Amino acid sequence: MKALIVYYSTYGNVYQMANLVAEGVRQVPGVEPVLRRVRDLVPDSVIESREDLKRGRDMQKDVPFVTKDDFRQAGAIFFGTPTRFGNVSAQLKNQIDQLTELWLKGELEGKAAGIFVSTGSLHGGQETTILTLMVPLIHLGFILVGVPYSTQALFTTKGGGSPYGPGHVAGPDGQRAIDDDEKAICIALGKRVAEVGLKLQR
Ligand SMILES: Cc1cc2nc3c(=O)[nH]c(=O)nc-3n(C[C@H](O)[C@H](O)[C@H](O)COP(=O)(O)O)c2cc1C
């Protein structure tokens, strides 16, 4: 079974989380992670004018853009986004809004889904972002999967992460490294959504 990890990342934090989610997926025999990014909406001229934006873009240049067939072929799908004013990024939402054809045919119904998020600050909206992103995913027919408290890192995290999904606090300059608890929660979601997806497919 394929597990699609589709994400948007400006500075690279969500991209790094996507790789950790993939690590969790790989722990489930018979499930293969497929990493895909969505198109940016920031004009190239703006990206070219800023070193931080160029660094974030270049880090991910080898990740293919997601296609409708990637969504069709996956039994489990992860959505990763930075928080934008307490909500999902326009870039990821733009991609979700292009799933109308699959929605009309019910092609995403019954697939397992998980959400992961990065914020600048600790209380900047990780949970609101995940919970509001659940709304369109329910419309599309996904079976939403979170992270239960058997993942010990949920008790100890001083950064991000909640039962709703992994979170990372990137800091005001976006440079804070993903810490061990945040990593463990990313890996836990990867494994759990892959396991549930496999069961649903059977
Ligand atoms: C327009 C904009 C809005 C943002 N809104 C929030 C916010 O509401 N809360 C927060 O903690 N961080 C906010 N941030 C910071 C981003 O969430 C942070 O840069 C991001 O998590 C880094 O992820 P990335 O490296 O994958 O791009 C915002 C950043 C931008 C550019």
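None of the figures in this text is laboratory data; all of them are computed from the coordinates on show. Predicted, not measured: the structure shown is a model, and the values here were computed from it. With ideal geometry, Cβ positions are generated from the backbone for all residues, glycine too; neighbour counts draw on all protein chains shown.
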Quiz prompt | Alpha-carbon centroids, region 1-63 and region 154-179: separation in whole Å | solution = 17
Practice problem: Determine ³J(HN,Hα), in whole Hz, for all residues of region 69-76 in sequence, where each value follows from phi through the Karplus function 6.51 cos²θ - 1.76 cosθ + 1.60 and θ = phi - 60°; x replaces Gly and Pro. | Solution: 5, 4, 5, 5, 7, 8, x, 9
Quiz prompt | Signed unit charges on C-beta, dipole axis of region 54-197, positive-most listed residue Gly197, Met59, Leu99 | solution = Met59
Exercise. Rounded to whole Hz and in sequence order, give me ³J(HN,Hα) for region 144-153 from the Karplus expression 6.51 cos²θ - 1.76 cosθ + 1.60, θ = phi - 60°, writing x for Gly and Pro.
Key: 7, 10, x, 10, x, 6, 5, 7, 4, 4
Quiz item: In percent, what relative contact order does region 92-187 have, based on Cα pairs under 8 Å that are 6 or more apart in sequence?
Solution: 30
Quiz item: Taking the Cβ of Ala112 as the center, what net charge do the other residues with Cβ under 14 Å away carry, scoring Lys and Arg +1 and Asp and Glu -1?
Solution: +4
Quiz item: Dipole of the chain (Lys/Arg Cβ +1, Asp/Glu Cβ -1, origin at the Cα centre): which of Val31, Pro172, Ala18 lies farthest to the positive side?
Solution: Val31
Quiz item: List the GluC sites (Glu not before Pro) in region 96-144 that DSSP assigns to loop (not H, G, I, E or B) and whose Cβ has at most 13 other Cβ atoms within 10 Å. Which are they?
Solution: Glu109
Self-check item: Whether the chain is rounded, prolate or oblate, judged on the alpha carbon gyration tensor where a/c under 1.5 counts as rounded
Solution: oblate
Exercise. Kindly state, to the nearest 0.05, the FRET efficiency for Arg39 paired with Asp173, given R0 = 22 Å and r defined as their beta-carbon distance.
Key: 0.30
Practice problem: May I ask you to sort His139, His168 by Cβ crowding, counting other Cβ atoms within 10 Å and putting the fewest first? | Solution: His139, His168
Self-check item: DSSP bridge pairs, the chain: antiparallel proportion in percent, nearest 5
Solution: 10
Practice problem: Return Thr128, Thr151, Thr83, Thr100 ranked ascending by Cβ neighbour count within 10 Å, so the fewest neighbours appear first. | Solution: Thr100, Thr128, Thr151, Thr83
Exercise. At most 16 other Cβ atoms within 10 Å and a DSSP loop assignment: could you name the chymotrypsin sites (Phe, Trp or Tyr not before Pro) in region 54-92 that fit?
Key: Phe85
Quiz item: Suppose R0 equals 25 Å; then what is the FRET efficiency for Phe85 and Asp180 from their Cβ-Cβ distance, rounded to the nearest 0.05?
Solution: 0.30
Quiz item: Dipole size in debye (nearest 20) for the chain around its Cα centre, Lys and Arg Cβ +1, Asp and Glu Cβ -1?
Solution: 360
Exercise. Please tell me the relative contact order of the chain in percent, rounded to the nearest whole number, where contacts are Cα pairs under 8 Å and at least six residues apart.
Key: 26
